[in-house]
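First up is the structure itself, then whatever we jot down about it.
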Amino acid sequence: MPRFTGGCLCGAVRYEGNAEPVFTGICHCRNCQRATGSAFASVIGVPADALKITGTPKTFRDTGDSGKALLRRFCPECGSTLFDEAEAMPGVVMVLTGTLDDTSWIKPAMEIFCDSAQPWVALGGEMQRFPKMIG
Ligand SMILES: [Zn+2]
Ligand SMILES: [Zn+2]
């Protein structure tokens, strides 16, 4: 049985994963705000080879803070943002947690790009906060 399953709003793209996330975090950068249409992105990072995708997401090639490519993958039918892949983080796929079938176990450990967080956003929990990228 897969550890987690999920998919886009219309169901054209589905996925399942069989690994423990290597990290769980929140990104407040402006590009994540635009890409999600929301205040921030919530992601789990999982090993790419542990993720099985059915359906074909469309890819937008964005540029991360590092200047390296950030691939944003979304459903071509309904527009749900599903996955981000950073060239700076090879072998890891970030899964947008809003697309998980069961979100009850998600516990973000960090917030990044807090410098561009929307002013009303104050998240609870014991998260490490970084002004920009980590490190
Ligand atoms: Zn869809
Ligand atoms: Zn971001």
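The values are calculated or read from the model by the stated rules, or taken from the named source; none is laboratory data. Just so we're clear, the structure is a prediction, and the values are computed from it rather than from any experiment. No Cβ is skipped: glycine too gets one built from the backbone with ideal geometry, and neighbour counts run over all protein chains shown.
Pairs, please: C-beta under 6 Å, at least 6 apart or cross-chain, first residue more than 16 Å from Ala86 (Cα to Cα) and in segment 40-54, second loosely packed, with under 15 Cβ neighbours inside 10 Å and of a type outside the set (Ser, Thr, Tyr)?
Ala50/Asn18
Please list, ordered by first then second residue, the pairs with beta carbon atoms under 6 Å, 6 or more apart or interchain, first in segment 59-73 and hydroxyl-bearing (Ser, Thr, Tyr), second within 16 Å of ligand 1 (Cβ to nearest atom).
From residues that are hydroxyl-bearing (Ser, Thr, Tyr), the pairs are Thr59/Arg73.
Please tell me if Phe74 is within 12 Å of the chain's Cα centre (by Cα), farther than 15 Å from Gly25 by Cβ and surrounded by 15 or more Cβ atoms within 10 Å (Cβ to Cβ).
Taking the combined requirement at face value, the residue satisfies it.
Could you figure out which of (1) within 13 Å of ligand 2 (Cβ to nearest atom); (2) part of a helix (DSSP H, G or I); (3) of a type in the set (D, E, K, R) isn't true of Asp49?
(1)
In segment 10-31, how many are assigned to a loop (DSSP other than H, G, I, E, B) and either crowded, with 16+ Cβ neighbours inside 10 Å or free of Cβ contacts under 8 Å to residues at least 40 places away in the same chain (or both)? Lay out the reasoning, then the answer.
So the first thing to find is which residues in segment 10-31 are assigned to a loop (DSSP other than H, G, I, E, B), and the list is 10-13, 18-22, 28-29.
When the remaining residues are screened for being either crowded, with 16+ Cβ neighbours inside 10 Å or free of Cβ contacts under 8 Å to residues at least 40 places away in the same chain (or both), the result is 11-13, 18-21, 28-29.
The qualifying residues number 9.
Within segment 1-17, track down each residue that is over 15 Å from Ile106 (Cβ atoms) and modelled with pLDDT of 95 or more. Before the answer, list the steps.
The first filter runs over segment 1-17 and keeps only residues over 15 Å from Ile106 (Cβ atoms), leaving 1-2, 7-16.
Result: Gly7, Cys8, Leu9, Cys10, Gly11, Ala12, Val13, Arg14, Tyr15, Glu16.
Only one of (1) within 13 Å of Cys8 (Cα to Cα); (2) basic (Lys, Arg); (3) within 13 Å of the chain's Cα centre (by Cα) is not met by Lys58, so which one is it?
Here Lys58 meets the rest and fails (3).
Taking the conditions exactly as written (surrounded by 19 or more Cβ atoms within 10 Å (Cβ to Cβ), of a type in the set (Asp, Glu), in contact (Cβ under 8 Å) with a residue 40 or more places away in the chain and out of contact with any Gly (no Cβ under 7 Å at 6 or more places or on another chain)), does Asp102 satisfy them or not?
When the stated conditions are applied, Asp102 does not pass them.
Taking the conditions exactly as written (of a type in the set (Val, Ile, Thr), over 13 Å from the mean Cα position of the chain (by Cα) and closer than 29 Å to Pro119 by Cα), does Thr63 satisfy them or not? Before you say what the answer is, go through the steps one by one.
Numbers: of a type in the set (Val, Ile, Thr): yes; over 13 Å from the mean Cα position of the chain (by Cα): yes; closer than 29 Å to Pro119 by Cα: yes.
So Thr63 fits the description; yes.
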